Amino acid sequence: MSSPCSLIATNVNLKIGQQQILSDICLNVTAGKVVGVLGPNGAGKTSLLKLLSGQLQSGNSVSWNNKLLANYGAIELAQQIAVVNQLNDSVFALNLEQIVRMGLLPHKTLLSKHSKQDDLHIQDAITRVGLEHKTLQSFSSLSGGEQQRGLIARALVQKAALIVLDEPVNHLDVYYQHQVLKLLKSLAHKLNITVVMSLHDLNLAANYCDHLCLLDQGHMLAQGTPKVVLEATLLQQVFRTPCEVTQNNQNSGLRVDFYPPAENESAYSLFKQGETNV
Amino acid sequence: MSNKWWLLSFAALLSPLGAMFFGAADLTASELYRCAVGACQDPTNSLIFWEIRLPRVLVGFLVGAGLAVAGATLQNITRNGLADPYLFGVVSGAGLGASIATLLFDSSMGERWGLLQAFPDFSFTLALPFSAFLGALFAVFFVQLLASKTFGSRTEHMLLAGVAVSFMLSALSHFILFIGEPFAANKVIFWLMGSLARVEVWYAWIMLPVVLVSVGILLLYGRHMDALLLGDENAKTLGVQVTRLRILSLAICAALTACIVSYCGGIGFVGLMIPHIVRNWLGVTSRVVIIGSVLLGGCFMVWVDVLARVALDNQEIPIGIITAAIGSVFFLMAMSQRRN
């Protein structure tokens, strides 16, 4: 029996044209957990996130809150699941507050007005992500990390119980990578929000995720706690790069180090291997 | 309400009143007032007031408001600040539809084919905007299709597709007029340049509901239109039915453009300039841009029409010449601003 707010994927398959993108993926995530989806380029991470968030049709294979995603209406789904994608550069300069306010959209009818409660809710979300001093600043003028935090604030205003993020720390410097992931972890644990995100950096995944899924060529190779998934032999096989996993003395977590391939393994053979695997 | 909104609201209220003073005949404020309350002593002045100036001012305001709203909507759904009903071929599509209606219902060909006898209840008054609407609808979807399927949806591609469709449909409508009408030159000039010279007050009663209903629907969907600014995928994740909203918005653009082009010809660049100014001055969210475009677009067109009436002695300049002159400079400035 699943808990009320759980995300369950059962034998998820996705085929685009002749290419099998995902094969028999199973996942069971309980509320308040931070889930990291890992894997090399082309492993199917983004496709899996799109299926889990309802952006791609999942048929009878994905359910949230004991209800198949296929049975949710567009607005009902948006009330439950928030998606944080990279924003296109808009030609029209919306400010942070206007972007965050859009999170109210699934909760408003065509005729309903904004209330003072809404304004307080928006301010609260912006304060939670630490951007209260930039409320009226043009969104495109914010740094990458601030934009990402702004979009997380929008997800909070959306009052979603599940937040799905595709590579949320891409293009961010080290400081903002930690800021954004720390924020997501604290939101998950304090507000009981489930966070599912794809990550490239395994050390960040080890530090901030409760549950990891390792994908390769559309297959789920391993899932579980970071200690279960971040296993040197497995990582070496998936990422085709020598690797070592050690205990991190700083925070008792894990530390993953990749090393340059041996001299006798030519770059060309690595490239060819990678090419056939995509 | 901020000072800017007060200023714009007063301008929108006072502009039509102020424009009533301008024209070939000198009418004083007291004479205008007497005419307005039906106590005009000179029947000629009464005629000028009720049959010439009032229709022009009312229709002019609605034309400006409608074109500006159509432009703002096109810019919003394409996320392209250079979108405009004229540049995107909507005006030409409406012109083509109207040309076909002219040919079938209001020419010797119509009489020869007995179309008016075949559809006795479908008068030319209704056939014209309806046919223009179908033409505009065809153009707007054709440009979208070309831009997305053939050329790619980048701003420049959409613009090029729009300009190409615009020329194609204009050429077709001019050809149709030349084939079907012995004295087509006047009509071609009308479609090319636009004019408020022959407007009648009942034009306003047709345009008013179209503009009011369109603005009402766009204001209702304001929050959804804002979400479209984030891109289709992001809007969908907020629960917006993107395809349905896009079709509705394009139909509104087509309806607004069609009812204006049917009666006043092709007037360009208003839909490009006005929303641009409103965004820079008042804000970028859809509801702000729509209301601002109604007020500023209306004021702009009323004063452009005054200029068209008084700039030359004993002659009127087609209104489209003035809007194109101002708009083309504005277009170049906007392009340069985007590049910077």
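In a helix (DSSP H, G or I), surrounded by 24 or more Cβ atoms within 10 Å (Cβ to Cβ) and modelled with pLDDT of 95 or more: is that true of B:G320 in this structure? Against the criterion (in a helix (DSSP H, G or I), surrounded by 24 or more Cβ atoms within 10 Å (Cβ to Cβ) and modelled with pLDDT of 95 or more), B:G320 does not qualify. A count restricted to the stretch B:45-76 and to residues that are buried (at least 22 other Cβ atoms within 10 Å of the Cβ) and among the aliphatic types (A, V, I, L, M) stands at 11. Name the single residue, out of those in the stretch A:85-121 being charged (D, E, K, R), assigned to a loop (DSSP other than H, G, I, E, B) and under 17 Å from B:H224 (Cα atoms), that is modelled with the lowest pLDDT. My answer is A:K113. Quick one: in the stretch B:304-317, which of the residues that are surrounded by 13 or more Cβ atoms within 10 Å (Cβ to Cβ) and of a type outside the set (A, V, I, L, M, F, W, C) is nearest to the chain's Cα centre (by Cα)? That would be B:D305. What about B:L295, is it more than 13 Å from B:V91 (Cβ to Cβ), more than 13 Å from chain A (Cβ to nearest Cβ) and buried (at least 24 other Cβ atoms within 10 Å of the Cβ)? For B:L295, the condition - more than 13 Å from B:V91 (Cβ to Cβ), more than 13 Å from chain A (Cβ to nearest Cβ) and buried (at least 24 other Cβ atoms within 10 Å of the Cβ) - is met. Go through (1) without any contact (Cβ under 8 Å) to a residue 12 or more places away in the chain; (2) surrounded by 22 or more Cβ atoms within 10 Å (Cβ to Cβ); (3) of a type outside the set (S, T, N, Q) for A:G150 and report which single condition fails. Against the list (1) without any contact (Cβ under 8 Å) to a residue 12 or more places away in the chain; (2) surrounded by 22 or more Cβ atoms within 10 Å (Cβ to Cβ); (3) of a type outside the set (S, T, N, Q), A:G150 comes up short only on (1).
Could you go through the stretch A:9-21 and let me know if any residue there is farther than 30 Å from B:S286 by Cα, under 16 Å from the mean Cα position of the chain (by Cα), not aliphatic (A, V, I, L, M) and not in a helix (DSSP H, G or I). Checking the stretch A:9-21: not a single residue is farther than 30 Å from B:S286 by Cα, under 16 Å from the mean Cα position of the chain (by Cα), not aliphatic (A, V, I, L, M) and not in a helix (DSSP H, G or I). Within the stretch A:91-125, the set of residues being in contact with a Gly (Cβ under 8 Å, 6 or more places away or on another chain) and small (G, A, S) comprises just one member, A:A125. Restricting the stretch B:1-44 to residues that are farther than 19 Å from B:V304 by Cα and among the aromatic types (F, W, Y) leaves a set whose member that is surrounded by the fewest Cβ atoms within 10 Å (Cβ to Cβ) is B:W6. Among the residues of the stretch A:136-145, at least one is modelled with pLDDT under 90 and either in contact with an Asp or Glu (Cβ under 7 Å, 6 or more places away or on another chain) or of a type in the set (K, R) (or both).
Applying the criterion of at least 1 residues that are modelled with pLDDT of 95 or more and within 19 Å of the chain's Cα centre (by Cα) to the helices (runs of 4 or more DSSP H) found wholly in the stretch B:189-248 leaves B:201-220. Any idea which residue in the stretch B:216-257 is nearest to the other protein chains (Cβ to nearest Cβ), counting only those that are small (G, A, S) and touching a Phe, Trp or Tyr at 6+ places or on another chain (Cβ under 7 Å)? This residue is B:A255. Selection of the stretch A:55-83 for residues being in a loop (DSSP other than H, G, I, E, B), within 19 Å of the chain's Cα centre (by Cα), surrounded by fewer than 21 Cβ atoms within 10 Å (Cβ to Cβ) and within 14 Å of chain B (Cβ to nearest Cβ) yields A:L56, A:Q57.
Hey, can you tell me all the residues within the stretch B:280-292 that are facing chain A (nearest Cβ under 10 Å), in contact (Cβ under 8 Å) with a residue 24 or more places away in the chain and either touching a Pro at 6+ places or on another chain (Cβ under 9 Å) or part of a helix (DSSP H, G or I) (or both)? Those that are facing chain A (nearest Cβ under 10 Å), in contact (Cβ under 8 Å) with a residue 24 or more places away in the chain and either touching a Pro at 6+ places or on another chain (Cβ under 9 Å) or part of a helix (DSSP H, G or I) (or both): B:S286, B:V289. Considering every residue within the stretch A:166-184, establish whether at least one is farther than 30 Å from A:G39 by Cβ, within 14 Å of chain B (Cβ to nearest Cβ) and buried (at least 19 other Cβ atoms within 10 Å of the Cβ). Looking for residues that are farther than 30 Å from A:G39 by Cβ, within 14 Å of chain B (Cβ to nearest Cβ) and buried (at least 19 other Cβ atoms within 10 Å of the Cβ), one finds none in the stretch A:166-184, hence no.
Summed over the stretch A:99-146, the residues that are within 13 Å of chain B (Cβ to nearest Cβ) and buried (at least 20 other Cβ atoms within 10 Å of the Cβ) give a count of 9. Screening B:F331 against (1) at pLDDT 95 or above; (2) within 30 Å of A:Q137 (Cα to Cα) leaves a single unmet condition, (1).
The values are calculated or read from the model by the stated rules, or taken from the named source; none is laboratory data. Please read all numbers here as calculations on a predicted model, not as lab measurements. Quick reminder, even Gly has a Cβ in these numbers, built from the backbone with ideal geometry, and neighbours come from all protein chains shown.
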